[in-house]
1. Solvent-accessible area per residue for the chain at a 1.4 Å probe radius, Å²?
2. For the range 1-205, which whole-number percentage of the solvent-accessible area (1.4 Å probe, protein heavy atoms only) is attributable to carbon and sulfur atoms?
3. What order do you get for 198-204, 43-49 when each peptide is scored by the mean count of other beta carbon atoms within 10 Å, highest first?
4. Name the long-range amide H neighbours of Ile28: under 5 Å, sequence gap of 5 or more, or other chain; modelled H, no Pro or chain starts.
5. On C-alpha positions alone, give me the angle between the axis of helix 150-173 and the longest principal axis of the chain, in degrees, nearest 10.
6. If you plug each phi of the range 196-210 into the Karplus form 6.51 cos²θ - 1.76 cosθ + 1.60 with θ = phi - 60°, what whole-Hz ³J(HN,Hα) values come out, in order, with x for Gly and Pro?
7. Using Cα pairs closer than 8 Å and at least 6 residues apart in sequence, work out the relative contact order for the chain, in percent.
8. If you line up the long axis of helix 118-141 against the longest principal axis of the chain, both from Cα atoms, how many degrees apart are they, to the nearest 10?
Amino acid sequence: MNILIINFLMAMTISLAAITGAVRWQKIDPSNRPIILAWWTVVITETAQFIAISFGVYPNPIYNIYILPLLALLLFQFKEWGVLNIRWAILIFVVLSLVWVADFFIIDGYRFTARRNIYRLCFNLVMVVLAVTSINKQIMSERKVLLTNHRFLICIGLTVYYTYRVLVDAFFLKGFSNEFVTYLSSFNRYLLQFYYLILFLAALWIPRKKNYILPS
């Protein structure tokens, strides 16, 4: 099988979580819907990149655009989970958006078609900090088994995956040998399978929305 197709199929395992979330959309608490939209953003992006590569089009601009709406959805989800208030969510989005502009258009001039690491590193660090903060809040407040807690599972997945991405992007910026960084990056596809499996389990555990009985 063509390596392009294999990579695409591996990347699309996130569709298990996305489809599960879509099927349960009307039943789940609305506060958990931003993460489902984030999963579908990844599905659409991976599909668009696969189509672009299949037609010989360089796919980097697609990914470079997608990371902004992904950032917005993840920040909004952390806001819904009580990790951020709306002011902090907006502030972080504005600051990282300015870093995005600087990384692709200012620091080294126009580099929108290239793979850049400054924005990615900042994005990954923010996700790790927010995910760990959420995990700590749940450990302190949650009395049920955390392994069946969708927020805990999602944040564990975010912490593991984006910590790995922090290391990769930091090594890129530090100028480590291309062979070493390429070898480290090649682990990405396998770690994604673990990450997406956790997201699928989390999608199954997202609680139903509460039914409130109005007083007569």
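1. On the way: 12210 Å² over 216 residues.
Averaged over the residues of the chain, the accessible area is 57 Å².
2. Working: 7670 of 10870 Å².
The nonpolar share, carbon plus sulfur, comes to 71 percent.
3. Working: 198-204: 21.6, 43-49: 17.9.
Packing proxy ranking, top to bottom: 198-204, 43-49.
4. Here the answer is Lys209, since their amide H atoms fall under 5 Å of that of Ile28.
5. 20
6. With coefficients 6.51, -1.76 and 1.60, one gets 5, 5, 4, 5, 5, 4, 4, 4, 5, 9, 4, x, 5, 6, 6 Hz.
7. Working: 213 pairs, mean separation 60.7, N = 216.
Answer for the chain is 28 percent.
8. Rounded to the nearest ten degrees, it is 20.
The values are calculated or read from the model by the stated rules, or taken from the named source; none is laboratory data. Keep in mind the model is a prediction, meaning the values are calculated, not measured. Using ideal geometry, Cβ is built from the backbone for each residue, glycine included, and neighbour counts are taken over all protein chains shown. Only protein heavy atoms, including side chains, enter the accessible area calculation; ligands, DNA and RNA are left aside. Shrake-Rupley method; radii C 1.70, N 1.55, O 1.52, S 1.80 Å.
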